[in-house]
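Colleague: Pasting in a structure now, in structure tokens, and then I'll have a few things to ask.
The values are calculated or read from the model by the stated rules, or taken from the named source; none is laboratory data. The shown structure was predicted, so the numbers you read here are calculated from the model rather than taken from an experiment. Surface areas here come from the heavy atoms of the whole protein model, side chains and all, with no ligands, DNA or RNA. Shrake-Rupley method; radii C 1.70, N 1.55, O 1.52, S 1.80 Å.
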Amino acid sequence: MAEAENKGNIRLIITDDGSHSLFVPALNETYHSFHGALQESRHVFIKMGLEYALNQKASPHVLEVGLGTGLNALLAAECAETYKISVHFTSIEAFPVDYSLAASLNYPKFIAHPDAEQWFEDIHRSDWHVDRPIHSLFTLKKLHTKLEDCQLPSSQFDVVFFDAFAPSKQAELWGMEILTRIVESMASQSVFVTYCAKGQLKRDLKALGLQVETLPGPPGKKEMVRALKF
Ligand SMILES: C[S@@+](CC[C@H](N)C(=O)[O-])C[C@H]1O[C@@H](n2cnc3c(N)ncnc32)[C@H](O)[C@@H]1O
């Protein structure tokens, strides 16, 4: 994705719930909903994804497409602590955010836990391609690679946070070839969540054998998608 590689002038913005996000002028795209980054991530990925999976899995293994600002990773670390469950979180990122920019994001102040600042720093500073404990119940493995080039293990992940840029900006990551590989990497009784609710995505996930649900989206967005693999 040539344009994303050239993220020149990427800048910090404040979304409607007071949480930060990033704007990429080259794509005319933000990392999160401008209606509220934090409330979007909490709703789509944590509530509808990770918390939902806890009904089925005691120690879920999450795959995230697009570590980005680390917001989803931070909220997943918070969730592990809140529910006292062990979470392993693998996150793929082709074009990491510079640490100086990441360090200025205000996400830790929205997390009640006293160690949230440290978790967030460790999420960004941890080495790539190795398991790194962020706290005693949350292990992060960051993969610095393009999703297209990544060998995904088979039948591994209990939850997929599919958080690529929108299909209109990055169609190649939403096509059947990538979705097939993602679905193959999902364990039985697993769940795929994304903020996108496009008809083509729903048809493709159905064609891959998933049970697709259209759920209410976060504030400001009508719908989102959750898809279940049995
Ligand atoms: C919508 S943002 C992700 C937001 C992130 N989950 C967060 O909590 O901030 C999409 C991310 O995908 C990354 N990305 C773009 N192309 C990619 C590719 N081909 N493979 C992997 N990641 C890619 C971008 O650099 C960006 O960080």
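Colleague: Can you give the helix-only mean residue ellipticity at 222 nm for the chain, where every DSSP H stretch with n ≥ 4 adds -39500 (n - 2.57) and the sum goes over all residues, rounded to the nearest 500 deg cm²/dmol?
Modeller: -6500 deg cm²/dmol
Colleague: Can I ask one more? What list of ³J(HN,Hα) values in whole Hz, one per residue of segment 47-62 in order, does the Karplus curve 6.51 cos²θ - 1.76 cosθ + 1.60 (θ = phi - 60°) give from phi, with Gly and Pro shown as x?
Modeller: Along segment 47-62, the couplings run 5, 7, x, 5, 5, 4, 5, 5, 5, 10, 10, 7, 9, x, 10, 9 Hz.
Colleague: Roughly how many whole Å is it from the C-alpha centroid of segment 116-171 to that of segment 54-83?
Modeller: Taking the Cα centre of segment 54-83 as reference, the centre of segment 116-171 is 10 Å away.
Colleague: Ordering Ser154, Ser136, Ser86 by accessible area with a probe of 1.4 Å, largest first, what comes out?
Modeller: These residues rank, largest area first, as Ser136, Ser154, Ser86.
Colleague: Here's another thing I want to ask about it. Checking the a/c ratio against 1.5 first, then a/b against b/c, what shape does the Cα gyration tensor give for segment 106-230?
Modeller: Cα axes put segment 106-230 in the prolate bin.
Colleague: Among the listed pairs Lys84/Lys141; Lys57/Lys146; Lys47/Lys198; Lys57/Lys84; Lys198/Lys221; Lys202/Lys229, which have their C-alpha atoms separated by more than 23 angstrom in this model?
Modeller: In this structure, Lys57/Lys146 exceed 23 Å between Cα atoms.
Colleague: If you don't mind, there's one more thing I want to ask. In the Gaussian network model of the chain, springs joining C-alpha atoms below 10 Å, which of Asp149, Asp127, Asp163 carries the largest mean-square fluctuation?
Modeller: Asp149
Colleague: Another question about this same structure. Give the Rg (one decimal place) followed by the Dmax (whole number) of the chain, computed from C-alpha coordinates and expressed in Å.
Modeller: Taking only Cα atoms of the chain, I get Rg and Dmax of 16.1, 45 Å.
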